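One structure is given below, encoded as structure tokens.
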Amino acid sequence: MTNRAEALVDLSAIKSNIATLKAKAGVDLLAVVKADAYGHGLVPVAKAALEGGANWLGVALLEEAIALRAAGITAPILAWLVPPGSDFQSAVDNDIDISVASIKALDEVSAVKGVKRPRVHLEVDTGMTRGGFLDEWNKIDAPHLNSVEIVGIFSHFARADEPGQAQNLDQLVRFKKMVASLESFGFTNLIRHLSNSAATLVDHVSAFDMVRTGIAMYGLTPDLNNLGNSQSLNLKPAMTLRAKLHLVKEVPAGSSVGYGATEKTKSDTKLGVVAMGYADGIPRIAKNAGVFVDGKRAPIIGRVSMDQFVVDLGANSPAQSGDWVTVFSTGTNGEYTADDWGAASGSINYEIVTRIGPRVPRIYQL
Ligand SMILES: *Cc1c(COP(=O)(O)O)cnc(C)c1O
């Protein structure tokens with residue numbers, strides 16, 4: 001069977017990005033492969049990241065961590081969105097480190113029976129006000145912590161992609177205080193980790209013992225405006241999204257296109273019907289994006305539908321029904337990028353790649 005759409009994933013780009021980031025960080029690197037490796041494919045990407053020098057893998061869900069173990073991966077894995085009531089027993093049985101952010105979760109984790117003690121990273125809230133211990137931190141005492149093996153302490157930046165922001169320094173100072181308070185209970189050799197991709201790229205002081213890089217290992221910038229694009233950061237975008245032209249047809253000027261007849265052709269032209277739609281993760285509200293074909297950009301015209309969208313190829317386009325077109329790629333030849341699609345839909349590259357749907361096969365290139 002041939003595909004009507006594909007996400008080509010360049011695993012050598014992932015390896016090269018990991019090497020670049022690790023060299024920048026100068027400490028251990030945890031490759032963040034949650035959400036199906038940001039849409040790139042969990043297991044192949046995790047393996048490539050480890051080959052590229054990643055020391056750890058990080059995921060949100062316990063299921064994601066278990067899927068990595070089921071694929072035979074033995075590297076250390078941390079899962080950080082594991083609420084009370086989760087199957088902590090299988091976390092321990094599968095050698096998965098668990099992030100704990102509340103006394104309730106700590107109680108449940110410490111109740112797990114087995115030969116091995118549960119391995120825990122304490123997540124602390126240093127100012128993002130999302131996950132992590134806040135006031136409950138002061139209720140923790142050493143006996144409480146002795147029923148588990150405290151392996152690490154970590155927090156997450158809210159504004160690392162805005163290097164000048166005072167909140168970054170505030171979070172760093174609070175993190176150091178919380179580390180010191182944990183060490184005062186006698187815990188030593190803690191893995192301290194705070195930096196995400198943005199901090200890894202611009203803030204060396206926050207690297208501590210390990211960095212957690214997500215978006216940058218996929219070759220994408222954490223923030224186009226503040227940090228620059230992939231190229232300027234020396235990163236290689238790993239995903240190329242392409243689809244087939246279901247149909248190419250000539251239409252006269254003044255033809256209204258798509259649901260709601262929101263746009264009309266301005267002149268006689270050729271339109272291409274691209275075989276992908278919002279069910280595949282193409283944002284319905286995208287404006288000023290499109291595809292790259294025959295060396296030039298062809299912008300979207302009209303609304304994106306569930307399975308297809310229409311582009312204006314121009315009257316002289318040589319494109320034929322059945323041709324491949326590039327939805328986004330590295331941008332080095334003028335293609336649209338995931339950054340362009342993010343900007344075109346009031347969103348960010350993270351959302352563009354993670355929402356590529358399960359109907360789109362991932363094709364791996366070594
Ligand atoms: C998603 C996530 C990361 C990775 O963030 P990027 O900006 O993609 O590098 C790091 N740490 C935690 C806790 C996360 O949830």
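Within the range 182-215, the residues that satisfy the criterion of being away from the ligand (no atom under 16 Å from the Cβ) and open to solvent by 40 Å² or more (accessible area, probe 1.4 Å) are E183, S184, F185, G186, T188, N189, V205. Residue count for the range 1-35, restricted to those that are charged (D, E, K, R), touching a strand residue (DSSP E or B) at 6+ places or on another chain (Cβ under 8 Å) and assigned to a helix (DSSP H, G or I): 2.
Residues of the range 43-78 that are buried (at least 23 other Cβ atoms within 10 Å of the Cβ) and touching an Asp or Glu at 6+ places or on another chain (Cβ under 7 Å): I77, L78.
Tell me, please, whether a residue that is farther than 23 Å from E263 by Cβ and either touching a Lys or Arg at 6+ places or on another chain (Cβ under 7 Å) or open to solvent by less than 10 Å² (accessible area, probe 1.4 Å) (or both) can be found in the range 304-323. For the range 304-323, residues farther than 23 Å from E263 by Cβ and either touching a Lys or Arg at 6+ places or on another chain (Cβ under 7 Å) or open to solvent by less than 10 Å² (accessible area, probe 1.4 Å) (or both): present.
Selection of the range 235-276 for residues being part of a loop (DSSP other than H, G, I, E, B), under 18 Å from R297 (Cα atoms) and not polar (S, T, N, Q) yields K266, D268, A275, M276. Residues that are out of contact with any strand residue (DSSP E or B) (no Cβ under 8 Å at 6 or more places or on another chain) and surrounded by fewer than 15 Cβ atoms within 10 Å (Cβ to Cβ) were ranked within the range 324-366; the one that is modelled with the lowest pLDDT is L366. Would you mind finding the one in G272, G281, G290 that is closer than 25 Å to V353 by Cβ, touching a Pro at 6+ places or on another chain (Cβ under 6 Å) and small (G, A, S)? Among G272, G281, G290, only G290 is closer than 25 Å to V353 by Cβ, touching a Pro at 6+ places or on another chain (Cβ under 6 Å) and small (G, A, S). For the range 268-281, does any single residue satisfy the condition of being open to solvent by 40 Å² or more (accessible area, probe 1.4 Å), in the same structural domain as P361 (by TED's automatic domain parsing) and over 25 Å from N3 (Cα atoms)? Yes: the range 268-281 contains one or more residues that are open to solvent by 40 Å² or more (accessible area, probe 1.4 Å), in the same structural domain as P361 (by TED's automatic domain parsing) and over 25 Å from N3 (Cα atoms).
Only one entry of D107, D161, D170 meets the criterion of being at pLDDT 95 or above, farther than 20 Å from P76 by Cα, part of a helix (DSSP H, G or I) and of a type in the set (D, E), and that entry is D170. Among the residues here, N3 qualifies as touching a residue at least 40 places away in the same chain (Cβ under 8 Å), under 18 Å from P358 (Cα atoms) and open to solvent by less than 50 Å² (accessible area, probe 1.4 Å).
The values are calculated or read from the model by the stated rules, or taken from the named source; none is laboratory data. Please read all numbers here as calculations on a predicted model, not as lab measurements. Cβ sites come from the backbone with ideal geometry, for glycine too, and all protein chains shown count toward neighbours. Side chains are part of the model used for accessible areas, which takes the heavy atoms of the whole protein and leaves out ligands, DNA and RNA. Shrake-Rupley method; radii C 1.70, N 1.55, O 1.52, S 1.80 Å.
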